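Written out below as structure tokens is the structure these notes cover.
The values are calculated or read from the model by the stated rules, or taken from the named source; none is laboratory data. As the structure is a computational prediction, the values presented were derived from the model and not from experiment. A quick note on method: Cβ atoms are made from the backbone with ideal geometry, for glycine too, and the neighbour counts reach across all protein chains shown.
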Amino acid sequence: MIRLGTVLALYLFNFPFADSLFVVGLTLPLFAIVIVGLWRLRSRDFQIGDIFWFCLFIYFVISPLQRIHGDRIGGATAITAYTYDPAEYALAMLVVVVFVFPFLFVSMQSDEKPVETDVRPGISFILFLNVVAFILFAMSEGGFGRLLSSRLEQDGSQPFIASMLFLAVQSASACMVAAYCRLSPRRLTAVLMLLLVLVLLAVARNPFNAPRFVLLAVWGPVFLALAGGKLSAAKFYLCCLLALTVLFPILNTTTRSGLEGLQDLSQVSVVGNFFDIPSVDVFDMAVHSVRYMSTHDLMWGEKLTAVVLFFVPRAVWPGKPIVGGLDIGNDLFAAGMYGTPNLSLFLGCDFYMDFGFVGVVLGGFACAFLLGAMIRFNQDRFFGVRVLQFFIAASLPILLRGPVGAVLPLFVCQLFVAKLLSVSLGRFVQPSAQLAAVRDWRR
């Protein structure tokens, strides 16, 4: 009930401020899909489906209500050089609806059945792995000097290609230490270990040297592990509202300006952000992708090649295609609408740019199948928690926002590392009955 109540309340709060009935009607199909998707989630606890459907709700329902003003889109304070007609708005929303519809048939909640075994490797090995991964990550980023500087102060040189792999090892091992801390009877030792890995993770990725999506991807799983994977749906939606109106606007400043950005925090308006959520431009980009493709031929797989072959460095393949987000971003950057061409782009728009609506239909079903498979086959537990599912949940907001090709490396590396550890350390298992005894002993 809390799920449906939250989205209905947000919709009703924003409904009176919609620019026209056309905008309201534009959002209704996806709003209905979101309602059905959330209704299918029966657990009282936070599920992957919560973050999937809520992100779509914010990106493609609330954002259009707030940001469309006549023939312009971009919020009340946007500087735009383009005007759009209703057909372009409708076509962009149709791309989203057609792509998202197959996800209604995907079960986006964890299997509640108890598992017979649980991977419990030696914590000393996991701690050693964490420290080594941190050192290698720091070296791959150009040393501690570059790592401790803000994003604006960092040089533009590309980090070592394995940098994301080292960060994935560090984040996965930190997540396991957090899970171990909840179960260990040696509380002082466990807390000291946890403090060590948290300090190292804070040095590696913090609000002053990393983008918001990286912070969410590496810190989100750790917080979920500390909670034992049991976060009530009510707390999740409360956290989402606070993140949208308070945390993300703050991070938007600090991750770009470093410590100097703290001087601008007084300008953050919680009430203003509630009715004009900042930095949610996914639908804007979808609309402009429709405009872009009205003057360009289909790309015939070029954009999807850039997404799938993200791991191939341009030093090896100088002619590798760029992701669709950069095509749209370069267009808007050249028009003076944005300060960077590195902008978001919904994955469905990549399929649209490559193969038109045929690509959107087939791509929607393919991606829905892939997400369902990832959820089903990543139920592995470490110290009683499903670490791999935490990585999926923490990366979904940026995977839905896009551009996917730019954010896949860390996500894929995290899943790969966690799965590799699960398989290689699978001999260190403990029956679930013994795990229950440990929990009872702690109580």
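Just one residue in the set LEU201, LEU188, LEU244, LEU215 is out of contact with any helix residue (DSSP H, G or I) (no Cβ under 9 Å at 6 or more places or on another chain) and either farther than 19 Å from VAL280 by Cα or in a helix (DSSP H, G or I) (or both); that residue is LEU188. Of the residues that make up the stretch 42-58, is at least one without any contact (Cβ under 8 Å) to a residue 24 or more places away in the chain, acidic (Asp, Glu) and more than 16 Å from ASP281 (Cα to Cα)? No - not one qualifying residue is present in the stretch 42-58. Within the stretch 114-130, the set of residues being loosely packed, with under 15 Cβ neighbours inside 10 Å and either part of a helix (DSSP H, G or I) or modelled with pLDDT of 90 or more (or both) comprises SER124, PHE125, PHE128. Can you pull out the residues in the stretch 20-68 that are in a helix (DSSP H, G or I), over 20 Å from MET93 (Cα atoms) and not hydrophobic (A, V, I, L, M, F, W, C)? Listed by number, the residues that qualify are GLY49, ASP50.
The residue that is farthest from VAL287 (Cα to Cα), among those in the stretch 76-113 that are at pLDDT below 80 and of a type in the set (Gly, Ala, Ser), is SER110.
Filtered by the rule that a residue be in a loop (DSSP other than H, G, I, E, B) and under 19 Å from LEU396 (Cα atoms), the stretch 303-341 gives PHE310, VAL323.
Assess whether LYS320 counts as being in contact (Cβ under 8 Å) with a residue 12 or more places away in the chain, surrounded by 18 or more Cβ atoms within 10 Å (Cβ to Cβ) and among the basic types (Lys, Arg). Here the answer is no, as LYS320 does not meet what is asked. Condition check for ILE161 on (1) of a type outside the set (S, T, N, Q); (2) under 22 Å from the mean Cα position of the chain (by Cα); (3) over 16 Å from VAL412 (Cβ atoms); (4) modelled with pLDDT under 90: one failure, at (3). If you go through the stretch 297-321 and keep only what is of a type in the set (A, V, I, L, M) and more than 20 Å from GLY402 (Cβ to Cβ), you end up with ALA315, VAL316.
For the stretch 356-389, the set of residues classified as under 15 Å from LEU94 (Cβ atoms) and over 20 Å from the mean Cα position of the chain (by Cα) consists of GLY356, PHE357, VAL358, GLY359, VAL360, VAL361, listed by residue number.
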